[in-house]
Amino acid sequence: MEVLSTLIRSTIPNYLKNLQVPSSIMGFARLSGSEWLQLLPFVGMLSLLSYVTYQAFRSKPAPKDSCVNLKIQKESSKVVNMVDIEELGDKVSYCRCWRSKKFPICDGSHNKHNEETGDNVGPLVLKRKEPLAAAK
């Protein structure tokens, strides 16, 4: 703790007091190489402080389409759909892009979504197995 106290109470003030800061813009042009090197830590700290302050206060861009589900059952804490296997029929397609107007059934909305975003999502397709006798 004493090192930090010495740094703050004497080292930094002495450094700043002995710093050769020109009083005009032309004065910077007349600085020698060693005087530029003496300015380097001060300019570096000032730059770092400015950058950190800028990053803290700049407005962050809103994430684009960060939620997968944009409109389906938003009042629920979790969307869960249950379907009895007996009700499936021979083949059914379920939406995985969350854009279907008939959710959870796929209506092909993923095609437009894929075209607009470059995504490659498609439906989950469930179909009954053909009986072994019919397959031969």
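For the reader, a short list of remarks on this structure follows.
- Counting lysine pairs in the range 64-118 that sit 8 or more residues apart in sequence, or on different chains, and whose Cα atoms lie under 24 Å apart gives 17.
- Max mean-square fluctuation residue, GNM over the chain, Cα-Cα springs under 10 Å, options Asn120, Asn111, Asn14: Asn14
- Loop trypsin sites (Lys or Arg not before Pro), the range 53-103 (other Cβ atoms within 10 Å of the site Cβ: 11 or fewer; DSSP): Arg58, Lys64, Lys71, Lys74, Lys78, Lys101, Lys102
- The residue among Leu49, Met82, Gly33 whose Cα reaches farthest toward the positive pole of the charge dipole of the chain, with charges on the beta-carbon of Lys, Arg, Asp and Glu, is Met82.
- MRE, 222 nm, helices only [DSSP H, n ≥ 4, -39500 (n - 2.57), over the chain, to nearest 500]: -11000 deg cm²/dmol
- Dipole magnitude of the chain, debye to nearest 20 (Cβ charges: Lys/Arg +1, Asp/Glu -1, about Cα centre): 140 debye
- Highest-MSF residue in the chain out of Ile105, Ile12, Ile72 [GNM, Cα springs under 10 Å]: Ile12
- Annotation: amide H-H contacts under 5 Å for Ile105 (H modelled 1.01 Å from N, sequence separation of 5 or more, or interchain): Cys95.
- Solvent-accessible area per residue, Å², over the chain with all protein chains present [probe radius 1.4 Å]: 87 Å²
- Accessible area of the chain belonging to carbon and sulfur atoms, whole % at 1.4 Å probe: 60 percent
- Loop sites in the range 39-132: GluC sites (Glu not before Pro), DSSP, at most 11 other Cβ within 10 Å: Glu75
- Scalar couplings 3J(HN,Hα) for the range 113-122, obtained by applying the Karplus form with A = 6.51, B = -1.76, C = 1.60 to θ = phi - 60°, are 4, 5, 5, 6, 10, x, 6, 9, 6, x Hz; x denotes Gly and Pro.
The values are calculated or read from the model by the stated rules, or taken from the named source; none is laboratory data. Since the structure is predicted, the reported quantities are computational estimates derived from the model, not experimental observations. Please note: Cβ atoms are built from the backbone with ideal geometry, for glycine as well, and neighbour counts cover all protein chains shown. Note: areas computed on protein heavy atoms with side chains; ligands, DNA, RNA excluded. Shrake-Rupley method; radii C 1.70, N 1.55, O 1.52, S 1.80 Å.
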